[in-house]
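The values are calculated or read from the model by the stated rules, or taken from the named source; none is laboratory data. Just so it is clear, the model here is predicted, and its values are computed rather than measured. Every residue, glycine as well, gets a Cβ built from its backbone with ideal geometry; the counts of neighbours run over all protein chains shown.
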Amino acid sequence: MGIAIVVIFVLGYLAIAFEHPLKIDKAASALILGVGCWALYVLGVSAAPEGLQDRFVIFLAENTDLEIGEQLPIFLEHRLLHHLSEIASILFFLLGAMAIVELVDVHQGFRVITDKITTTNKIKLLWILAILTFFLSAVLDNLTTTIVMVSLLRKLIEDKKTRWFFVGFMVIAANAGGAWSPIGDVTTTMLWIKKQLPEAAIIIKELFVPSIVTILVPLFILSFTMKGKIQRPTHHLTDAHTDLEVSPKERNSMFYLGIGGLLFVPVFKTITHLPPFMGMMFSLGILWVISELMHRSKPYEIRRELSVLGVLKKVDTGSVLFFLGILLGVSALQDVGILAHVATFLDKSIGNIYAINLAIGMLSAIVDNVPLVAAAQGMYDIEITGPYAKSGDFWLFLAYCAGTGGSALIIGSAAGVAAMGLERIDFIWYLKKISWLAVVGYVSGAAVFILQRL
């Protein structure tokens, strides 16, 4: 049964990795993967797995009225619902964040940034955009930031290959920027929400320097090798939202309110100790009320487009379903006990926590980093002291490696996949032009993190 679940998981992963040649959306493959793993688990198990036997005994003691044939199926249903509660907190968090970003975008709020960039010098522009992407990603998330920067670069650079290079580097910067923020990358968010890294301040303090080194080292290298000026396009696609009646005051207000709402989430969690998705929902609710009041005198058609109800139609629900499927699949592997065996193998074959995380980071360039982090969360328990304790070195380094290692290949991160889809960047071209810069940055940042511990 365990082998069959692994086979389903691997096949689903291959379908996700080869999404473009297969022309099957990765969300569909992920859903089949997740449900298939749990279906095989429930149908194939005849007794509670070794790691769940104690919980099964407690469950039986609390449910003495169950028939013998009902005990195990209902216990497994409870296990599924247990995992689903954790998964739902992540999905609602992402849904709220994406809705806020879309609300800012529909108000043309990002023009607050883009209208101020005027330079045509390649190096100067690369530095400006990389630093901007790095910090913007920490607030918005790496996927959203990449989408915003691709839109910006289309307005700044005419030549396709030059634009590809800038977009590729923005993938590195977006992933690095997301790694040190609890709301910047879904993997760091997962570690934050599930309490391996419960303190946002510690995440920022310990990972900021390694993360920024990840982009500074490649930037310094390019400063000596890249020359020339960019050619601005003589024309570009008009903003999709320019036909909406949004005043400069409304545009600026929604930008700053949106950024403020996202930044408020860690503050809300610290004050109330409620899960982060509650803070995100609260911020979304406040922005919803403000947007309704802001446009209450406008025609219904305009109000509808500028409201949260309007932007929810544009939220990438496919990504949400993708995460759902992947996390369901990983939770099945965890319950069966496969992840515990993998943890034992890694400990015996590698042993060193830094080497383990470096391997996970490079592996995330081949497969998605979300299930890798979810797998690590299932493999290693939170201990009272040591590297596996809350905010311990293992979890901190995992956040860095999983967040930045995926930049080595364009299919290794959500930001890279988005860039590949939007700009039709060739996989081999990225491998030749960008991958080595990503690896140099990744190793440099990792070295800084390890040196800080010596």
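Considering only segment 295-306, state which residues are part of a helix (DSSP H, G or I), touching a residue at least 24 places away in the same chain (Cβ under 8 Å) and either farther than 28 Å from LEU91 by Cβ or among the small types (Gly, Ala, Ser) (or both).
ILE302, the sole residue that qualifies.
Which residues, taken from segment 36-56, are of a type in the set (A, V, I, L, M, F, W, C) and buried (at least 17 other Cβ atoms within 10 Å of the Cβ)?
If we filter segment 36-56 for residues that are of a type in the set (A, V, I, L, M, F, W, C), which is where we start, we get 37-40, 42-43, 45, 47-48, 52, 56.
CYS37, TRP38, LEU40, VAL45, ALA48, LEU52, PHE56, listed by residue number.
Can you tell me which residue among TYR442, TYR388, TYR400 is more than 19 Å from PHE208 (Cβ to Cβ) and not charged (D, E, K, R)?
TYR388
Being of a type in the set (Phe, Trp, Tyr) and part of a loop (DSSP other than H, G, I, E, B) is the filter; apply it to segment 362-401 and report the residue that is surrounded by the fewest Cβ atoms within 10 Å (Cβ to Cβ).
Here the residue is TYR388.
For (1) touching a Cys at 6+ places or on another chain (Cβ under 7 Å); (2) of a type outside the set (A, V, I, L, M); (3) touching a residue at least 24 places away in the same chain (Cβ under 8 Å), each residue gets a yes or a no:
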| residue | (1), (2), (3) |
| --- | --- |
| GLU245 | no, yes, yes |
| PRO248 | no, yes, no |
| PHE255 | no, yes, yes |
| GLY260 | no, yes, no |
| LYS269 | no, yes, yes |
| MET281 | no, no, yes |
| GLY285 | no, yes, no |
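Looking at PHE134, PHE208, can you tell me which residue is crowded, with 24+ Cβ neighbours inside 10 Å, touching a residue at least 12 places away in the same chain (Cβ under 8 Å) and among the aromatic types (Phe, Trp, Tyr)?
That would be PHE134, the only listed residue that is crowded, with 24+ Cβ neighbours inside 10 Å, touching a residue at least 12 places away in the same chain (Cβ under 8 Å) and among the aromatic types (Phe, Trp, Tyr).
Out of the residues in segment 69-116 meeting the condition of being at pLDDT below 80 and loosely packed, with under 15 Cβ neighbours inside 10 Å, tell me which one is farthest from ASP335 (Cα to Cα).
Filtering first and then ranking leaves ASP115.
Name the residues in segment 146-182 that are at pLDDT below 90, more than 24 Å from LYS116 (Cβ to Cβ) and in a loop (DSSP other than H, G, I, E, B), would you?
PRO182
Restricting to segment 58-68, what's the tally of residues that are exposed (fewer than 13 other Cβ atoms within 10 Å of the Cβ) and within 37 Å of the chain's Cα centre (by Cα)?
Number satisfying all stated conditions: 1.
Can you tell me how many residues within segment 142-165 are without any contact (Cβ under 8 Å) to a residue 60 or more places away in the chain and touching a Leu at 6+ places or on another chain (Cβ under 8 Å)?
Matching residues across segment 142-165 total 4.
For LYS155, state whether it is closer than 27 Å to ALA374 by Cα and surrounded by fewer than 20 Cβ atoms within 10 Å (Cβ to Cβ).
When the stated conditions are applied, LYS155 does not pass them.
Just to be sure before I move on: is THR270 of a type in the set (S, T, N, Q) and in contact with a Ser or Thr (Cβ under 7 Å, 6 or more places away or on another chain) in the structure I sent? Working first, answer last.
Working: of a type in the set (S, T, N, Q): yes; in contact with a Ser or Thr (Cβ under 7 Å, 6 or more places away or on another chain): no.
When the stated conditions are applied, THR270 does not pass them.
Considering only residues that are assigned to a loop (DSSP other than H, G, I, E, B) and either touching a residue at least 24 places away in the same chain (Cβ under 8 Å) or among the β-branched types (Val, Ile, Thr) (or both), which ones fall in segment 307-319?
Once the filter is applied, which keeps residues that are assigned to a loop (DSSP other than H, G, I, E, B) and either touching a residue at least 24 places away in the same chain (Cβ under 8 Å) or among the β-branched types (Val, Ile, Thr) (or both), segment 307-319 yields LYS314, VAL315, ASP316.
Give, as residue ranges, the helices (runs of 4 or more DSSP H) completely inside segment 1-109 that count at least 2 residues that are closer than 25 Å to ILE410 by Cβ, in contact with a Pro (Cβ under 7 Å, 6 or more places away or on another chain) and free of Cβ contacts under 8 Å to residues at least 60 places away in the same chain. Let's see the steps before the verdict.
Values: elements: 2-17, 19-22, 26-44, 53-62, 68-106.
Answer list for segment 1-109: none.
Name the residues in segment 272-281 that are assigned to a helix (DSSP H, G or I) and either in contact with a Leu (Cβ under 7 Å, 6 or more places away or on another chain) or under 17 Å from ILE90 (Cβ atoms) (or both), would you? Explain how you work it out, then say what you get.
From segment 272-281, those assigned to a helix (DSSP H, G or I) are 272, 276-281; that's our starting set.
Passing the criteria: PRO276, PHE277, MET278, GLY279, MET280, MET281.
Can you tell me which residues in segment 187-204 are hydrophobic (A, V, I, L, M, F, W, C), in contact with a helix residue (DSSP H, G or I) (Cβ under 6 Å, 6 or more places away or on another chain) and either under 14 Å from VAL139 (Cα atoms) or in a helix (DSSP H, G or I) (or both)?
Within segment 187-204, MET190, LEU191, ILE193, ALA200 qualify.
Quick check, is PHE135 under 30 Å from LYS390 (Cα atoms), out of contact with any Ser or Thr (no Cβ under 8 Å at 6 or more places or on another chain) and modelled with pLDDT of 90 or more? Steps first, answer last, please.
On the way: under 30 Å from LYS390 (Cα atoms): yes; out of contact with any Ser or Thr (no Cβ under 8 Å at 6 or more places or on another chain): yes; modelled with pLDDT of 90 or more: yes.
So PHE135 passes the test.
ALA179 - would you say it is in contact with a Cys (Cβ under 9 Å, 6 or more places away or on another chain) and under 19 Å from ALA408 (Cα atoms)?
Yes; evaluated as a whole, the condition is true for this residue.
Just need a number here: residues in segment 110-130 that are hydrophobic (A, V, I, L, M, F, W, C) and touching a residue at least 60 places away in the same chain (Cβ under 8 Å).
Residues in segment 110-130 being hydrophobic (A, V, I, L, M, F, W, C) and touching a residue at least 60 places away in the same chain (Cβ under 8 Å): 7 in total.
Just checking, which of PHE224, PHE268 is aromatic (Phe, Trp, Tyr), surrounded by 13 or more Cβ atoms within 10 Å (Cβ to Cβ) and either over 27 Å from SER331 (Cα atoms) or more than 23 Å from the chain's Cα centre (by Cα) (or both)?
Being aromatic (Phe, Trp, Tyr), surrounded by 13 or more Cβ atoms within 10 Å (Cβ to Cβ) and either over 27 Å from SER331 (Cα atoms) or more than 23 Å from the chain's Cα centre (by Cα) (or both) holds for just one of PHE224, PHE268, which is PHE268.
Return the total of residues in segment 273-317 being surrounded by fewer than 16 Cβ atoms within 10 Å (Cβ to Cβ), at pLDDT 85 or above and under 19 Å from MET190 (Cα atoms).
1
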